[in-house]
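Data first, discussion second: the structure below is written as structure tokens.
What follows draws every value from the coordinates through simple rules; no lab data is involved. Quick caveat: nothing in here was measured; it's all calculated off a predicted structure. Virtual Cβ from ideal backbone geometry, glycine too; neighbours counted across all protein chains shown.
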Amino acid sequence: MILNTEITDFLPGLGSSRMIICEEVRKFFGAFEALKGVTLEVIRGEVVCIIGPSGGGKSTFLRTLNGLEPFDAGRIRIDQIELPGTRREILEVRREVGMVFQSFNLFPHMTVRRNVALAPVRGRGLSWAEANVRAERLLARVGIFDQIDKYPSQLSGGQQQRVAIARALAMEPKVLLFDEPTSSLDPEMVQEVLEVMRELAHTGITMLMATHEIGFAREIADRVAFMVDGTLLHLASPKEFFDRPSDPRLNSFLSKVL
Amino acid sequence: MNFDTSIIWQNLPMLLGGIWLTVVTVFLSLAVAIVIGLLVCAGTLLGKGFVYHLSVSYVALFRALPEPVIIFWLYYCGPLILNSKLSAFESGTIALAIPSGAYLAEIFRAGVQAVPRGQIEAGRALGLSSFWLVCDVVAPQALRMMIPPALGIVTILIKNSALVSAIGVEELFYRATVLGGQTFHYFEFLTVAAVMYVLMILPLSVIVQRQERRLLAKVW
């Protein structure tokens with residue numbers, strides 16, 4: 001495994017097909033081991049859904065991938081950058097890896113337009129005019145164009161999450177991380193957000209998603225992973241994953257949520 | 001009981017001069033207090049180390065001392081340590097700023113810490129540098145929460161400014177008592193002084209109430 005990635009370092013054609021490489025990633029919170037050696041490779045353009053019970057380490061794992069959560073052992077490589085890198089490298093990774101949070105985390109003191117336009121101006125050197133054009137295009141794409149001058153508190157949860165997706169897209173990231181994007185939404189608003197994500201999945205952007213939407217994962221994922229107790233237990237195509245679940249813990253989980 | 005307004009008009013320049021000096025004292029000590037507050041707040045946010053402990057001790061000490069003690073101590077005992085005698089005005093201004101700085105430091109700290117973690121994480125996840133994270137995300141939200149309590153400190157500062165009359169700063173309250181003593185018209189001069197303090201503080205209270213209502217309504 002290690003030999004493999006070292007070789008691909010010298011073969012750009014092969015190496016560049018892997019967007020995310022994680023090897024034996026470990027993370028402790030005090031004495032509690034939140035990640036017990038997670039190994040995962042995600043290919044460019046791939047959509048990987050991670051399911052599993054709460055507290056299993058899904059969020060923690062996603063947060064290590066953009067440097068929000070430092071890890072204690074193992075290695076993570078995003079595109080060409082090894083984590084934990086220098087301060088500059090971490091910024092660069094974060095600009096290439098968009099993240100959508102469970103609780104939206106829009107900036108409440110900015111209009112929807114400014115929420116989306118901010119990061120490209122600060123991090124990519126766009127002018128406000130350029131960034132606003134980009135924001136308008138993205139907000140139209142997620143169906144929020146008519147709310148563009150409102151503040152986040154004036155929007156529904158589903159609308160806020162769509163703005164958050166547009167905000168992440170504004171940096172034109174190579175990877176999008178979704179941390180249970182529909183878990184804090186009212187049931188009737190889940191579909192509008194999933195619809196946006198479904199459309200994104202077909203655009204060829206690399207997506208890694210922690211979710212409880214089993215049906216959605218089955219539909220859009222190229223591969224599905226099951227994470228429990230800080231371990232990635234099972235990783236397979238949706239068909240194999242759901243039709244022939246081999247692990248007893250996965251079986252028991254699926255029987256509860258399906 | 002008769003209220004002689006003519007005696008007020010006769011001494012109006014003197015009273016206006018007192019108001020002016022009160023305003024100058026308040027603004028200068030507020031400026032010093034803000035600088036102290038920012039530095040001490042930065043120190044307490046460090047969370048560990050010598051500067052942190054120094055900052056926390058500063059807040060604890062000067063919140064515990066009565067303002068008159070600080071004012072008298074700095075004016076009468078300061079020269080014994082500092083080797084140079086400050087004027088009553090300088091000494092009084094600094095003495096007012098010292099405890100206000102401690103209160104402001106706590107208000108600034110509370111404001112910064114009240115910004116939800118998710119906000120900072122969202123900014124980080126977007127690749128904002130620390131500088132822009134503070135300017136765009138933390139500061140605007142923290143400032144908004146700081147305004148009502150900070151204006152509360154300003155109103156207290158205005159009231160406490162009357163205390164420096166005790167060391168001979170000729171501000172509004174000092175002049176009102178002196179004029180009262182000279183003319184035996186305490187009633188008129190103290191009433192005018194009282195009205196002036198209220199007029200200075202009332203607009204601030206209105207702003208505080210309006211801002212607090214907006215905070216409760218969560219409207220930006």
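May I ask you to work out the translational diffusion coefficient for the range A:42-167 at 25 °C, viscosity 0.890 mPa s, via Stokes-Einstein with Rh from the Kirkwood sum over Cα pairs, reported in whole µm²/s?
Answer, rounded: 152 µm²/s.
How far is helix A:157-169 tilted, in degrees, relative to the longest principal axis of the Cα atoms in chain A, given as a value from 0 to 90 rounded to the nearest 10?
Orientation of helix A:157-169: about 80 degrees from the principal axis.
About the Cα centre, and with charges only on the beta carbon of Lys, Arg (+1) and Asp, Glu (-1), how big is the dipole of chain B? Nearest 20 debye, please.
For this selection, approximately 780 debye.
Which one, B:VAL138, B:GLY78, B:THR93, is farthest towards the positive end of the dipole of the range B:5-217 when Lys and Arg carry +1 and Asp and Glu -1 on their Cβ?
After comparing all options, I get B:VAL138.
Consider just the alpha-carbon atoms of the range A:2-257 and return their Rg together with their Dmax, both in angstrom.
18.3, 55
Across 10 Å bins from 0, what is the distribution of all Cα-Cα pair distances for the protein assembly as shown, in whole percents?
Binned Cα distances yield the sequence 4, 16, 21, 18, 13, 11, 8, 6, 2, 1, 0.
Show which lysines lie in cross-link reach of A:LYS150 when reach means a straight Cα distance below 16 angstrom and same-chain residues fewer than eight apart are skipped.
Cα-Cα hits under 16 Å: B:LYS218.
In degrees between 0 and 90, to the nearest 10, how far off the longest principal axis of chain A does helix A:112-124 point, with axes built from Cα atoms?
Its long axis makes an angle of about 70 degrees.
Of the options A:LEU139, A:ALA221, A:GLN102, report the single residue whose Cα projects farthest towards the positive end of the charge dipole of the range A:2-257 (beta-carbon charges: Lys, Arg +1; Asp, Glu -1).
A:LEU139
Just grab the label-to-label distance for B:SER6 and A:ARG124, each label 7 Å out from Cα along the Cβ direction, in nm (one decimal).
Distance between the two pseudo-spin positions: 7.9 nm.
Running Debye on the range B:98-220 with equal point scatterers at the Cα sites and no solvent, what base-10 log of I(q)/I(0) appears at q = 0.09, 0.14, 0.19 Å⁻¹?
Result of the Debye calculation: -0.42, -0.75, -1.03.
List the pair-distance distribution P(r) of the range B:12-87, using every Cα-Cα distance, as the percent of pairs falling in each 5 Å bin from 0 up to the bin containing the longest distance, rounded to whole percents.
Reading upward from the zero bin: 3, 13, 12, 18, 21, 16, 9, 4, 2, 1, 0.
Helix by helix through chain B, keep the DSSP H runs that span 20 Å or more along the axis on Cα and average at least 0.5 on Kyte-Doolittle, and give those back in order.
B:12-46, B:50-64, B:88-113, B:139-160, B:186-217
What is the spread of the Cα atoms of the range A:178-227 along each of their three principal axes, largest first, in whole Å?
Over the range A:178-227, Cα extents along the principal axes are 27, 26, 17 Å.
Go ahead and estimate [θ] at 222 nm for chain A from helices alone: -39,500 (n - 2.57) per DSSP H run with n ≥ 4, summed, over the residue count, rounded to 500.
-12000 deg cm²/dmol
How much of the pair distance distribution for the range A:71-131 lies past 19 Å, counting alpha-carbon pairs only, in percent?
In whole percent, the long-distance tail amounts to 47.
R0 = 22 Å: FRET efficiency of B:TRP20 with B:LEU202, Cβ-based, nearest 0.05?
Given R0 = 22 Å and the Cβ-Cβ separation, E is 0.70.
Once you wrap a convex hull around the alpha carbon atoms of chain B, what is its projected area averaged over all directions, in nm²?
16.0 nm²
Using alpha carbons only, how many degrees (0 to 90, rounded to 10) separate the axis of helix A:128-141 from the longest principal axis of chain A?
Between the helix axis and the principal axis of chain A, the angle is about 70 degrees.
Using only helices, what value at 222 nm comes out for chain B when you add -39,500 (n - 2.57) per DSSP H run of length 4 or more and divide by the total residues, to the nearest 500 deg cm²/dmol?
-25500 deg cm²/dmol
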